[in-house]
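See below for the structure under consideration.
The values are calculated or read from the model by the stated rules, or taken from the named source; none is laboratory data. Predicted, not measured: the structure shown is a model, and the values here were computed from it. Ideal geometry is used to build each Cβ from the backbone, glycine not excepted, and the neighbour counts take in all protein chains shown.
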Amino acid sequence: MAVHGHTYEFQVKSKGPVSRKTGKIADGAIIEDALHMGIHEVLNRKNLDTDVSFFINRPSTLENICLFAWRNVGVIMAHTGTQVYEVSVEADRCPRADGTSIERTRVSFSGPSFFYSSRGYTVLTSQ
């Protein structure tokens, strides 16, 4: 079986109380660290189906990648008082062996609901 890679763009939306001191809901560095630790360090340059335990018993679809990011970043952000309320994952156009391709696709997860769009943050490549 040939292995190929994908590039995914992640967007994480969060909410929380606004700090009177900073005027923000969370320090930007904390959010960047959460994204790096919860997504990039775990998925970058990995075969999702064999190297990441979350995907051992579930397929590595955009929906499940989105759910994975929601859970991981949510756990890391929980101690900050900031809550993740939506995660979007977008995959680049993917060529097929028959010469056709799957266009750019975005999946968003917000609680129990998924939202789809076909037709844009590049964070990682899995292979």
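Residues that are part of a loop (DSSP other than H, G, I, E, B) and within 20 Å of Leu62 (Cα to Cα) were ranked within segment 3-40; the one that is modelled with the highest pLDDT is Gly5. Being in contact with a strand residue (DSSP E or B) (Cβ under 6 Å, 6 or more places away or on another chain), assigned to a strand (DSSP E or B) and either polar (S, T, N, Q) or buried (at least 16 other Cβ atoms within 10 Å of the Cβ) (or both): is that true of Val107 here? So Val107 passes the test.
Yes/no per residue for (1) in contact with a helix residue (DSSP H, G or I) (Cβ under 9 Å, 6 or more places away or on another chain); (2) in a strand (DSSP E or B); (3) at pLDDT 85 or above:
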{"position": "Cys66", "(1), (2), (3)": "no, no, yes"}
{"position": "Ala69", "(1), (2), (3)": "yes, no, yes"}
{"position": "Asn72", "(1), (2), (3)": "yes, no, yes"}
{"position": "Met77", "(1), (2), (3)": "yes, no, yes"}
{"position": "Ser88", "(1), (2), (3)": "yes, yes, yes"}
{"position": "Asp98", "(1), (2), (3)": "no, no, no"}
{"position": "Phe115", "(1), (2), (3)": "no, yes, no"}
